[in-house]
Amino acid sequence: MNRKIKNRSKEKQEKEQKKVVNPKVLIISSIVAVVILVGGLLFDQFYESTVLTINKEKYHMDDLSYYFYTVESQYDYYNQMFGGSYWDMTYDEETGATVRDAAKQEAIDSAIYSEILYKEAVSEGY
């Protein structure tokens, strides 16, 4: 009986002993986490991916936001009628394209059309 009590008390002591983490390891891992977090935020703020290229001129999401918002506002009426699943409905059965894909393509086509008209007007002197 005494042996069981001693074994139980040893087990309790082992469980009660907390593992001490070296403060240097804790500080270094915290610094690394903060550096990665700040780096990710800076990358997100300053990186601009090219959405469209016309005549070697690159257009980013900021440049095309007007076209995307215009198309989104046009499709918003249907989204309210059909709910949030409207954007993920299949638009073209053969390709499997969704309404979201069609809206994106419509915005890009509109941007290309406007940019080509603008460049033609400038070259004609308007």
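Where a number appears in this text, it was derived from the coordinates with a stated rule and is not lab data. Given the structure is predicted, the values throughout are model-derived calculations rather than measurements.
Taking amide H as placed 1.01 Å from N in the peptide plane, the amide H of ALA97 sits under 5 Å from that of TYR91, ASP92, each at least 5 places away or on another chain.
Computed from backbone phi with θ = phi - 60° and the Karplus coefficients 6.51, -1.76 and 1.60, the 3J(HN,Hα) list for segment 95-108 is 8, x, 5, 9, 4, 4, 5, 5, 5, 4, 5, 5, 5, 5 Hz; x is used for glycine and proline.
With Cα atoms as the point set, segment 28-83 shows a radius of gyration and Dmax of 18.3, 53 Å.
Here the chain is treated as a Stokes sphere of Kirkwood radius computed over C-alpha pairs; at 25 °C and 0.890 mPa s its diffusion coefficient rounds to 117 µm²/s. In sequence order, segment 43-55 has phi-based couplings of 4, 5, 6, 9, 7, 10, 7, 7, 8, 8, 10, 10, 6 Hz under the Karplus curve 6.51 cos²θ - 1.76 cosθ + 1.60, θ = phi - 60°, and Gly or Pro positions carry x. Binning the C-alpha pair distances of segment 71-126 at 5 Å intervals from 0 yields a P(r) profile of 4, 19, 19, 17, 13, 9, 8, 6, 4, 1 %, listed from the shortest bin outward. Across segment 77-82, computed HN-Hα scalar couplings (Karplus, 6.51 cos²θ - 1.76 cosθ + 1.60, θ = phi - 60°) run 4, 5, 4, 5, 6, 9 Hz from first to last residue, x flagging Gly and Pro.
Residues whose amide H lies under 5 Å from that of VAL51, counting only those 5 or more places away or on a different chain, are TYR59, HIS60, MET61; hydrogens are built 1.01 Å from N in the peptide plane.
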